[in-house]
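In what follows, a structure is listed as structure tokens, so that the remarks can point back to it.
The values are calculated or read from the model by the stated rules, or taken from the named source; none is laboratory data. Source: prediction; values computed, not measured. Every residue, glycine as well, gets a Cβ built from its backbone with ideal geometry; the counts of neighbours run over all protein chains shown.
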């Protein structure tokens with residue numbers, strides 16, 4: 001099974017076209033884990049269009065996706081990205097949760 005579930009804050013969203021001229025986005029997510037990891041994500045087609053229209057930097061989101069490995073151009077290095085399959089905005093911020101749980 002290849003499943004990723006992550007919550008965090010959107011740091012950056014950039015749109016691009018794939019080699020086959022399909023709409024896509026790259027999204028960077030700052031994870032709410034204790035390490036504050038920055039996770040590179042990608043979405044394609046209708047989902048990418050919806051994300052770019054309805055989301056802004058700073059939004060807190062929950063996403064579900066899968067890991068995908070990519071080989072960097074002109075290199076033998078591999079990198080990993082999360083391919084977003086589902087995404088939702090958080091209705092309660094992490095700060096609000098922390099205040100209530102104190």
Legend entry - Candidate set: the range 55-82, residues that are without any contact (Cβ under 8 Å) to a residue 12 or more places away in the chain and surrounded by 10 or more Cβ atoms within 10 Å (Cβ to Cβ); chosen: the one nearest to residue 14 (Cα to Cα): 70
Inset, instruction - Scan the range 49-65 and give yes if some residue there is out of contact with any strand residue (DSSP E or B) (no Cβ under 6 Å at 6 or more places or on another chain), at pLDDT below 90 and under 24 Å from residue 3 (Cα atoms), otherwise no. - result: no
Legend entry - Subset of the range 13-35 (residues that are more than 18 Å from residue 90 (Cβ to Cβ), touching a residue at least 12 places away in the same chain (Cβ under 8 Å) and surrounded by 11 or more Cβ atoms within 10 Å (Cβ to Cβ)): 15, 18, 22, 23, 24, 25, 26
Inset, instruction - Kindly indicate whether any position in the range 42-61 is in a loop (DSSP other than H, G, I, E, B) and closer than 14 Å to residue 86 by Cβ. - result: yes
Legend entry - Residue list for the range 1-12, restricted to those being loosely packed, with under 15 Cβ neighbours inside 10 Å and in contact (Cβ under 8 Å) with a residue 12 or more places away in the chain: 2, 3, 5, 11, 12
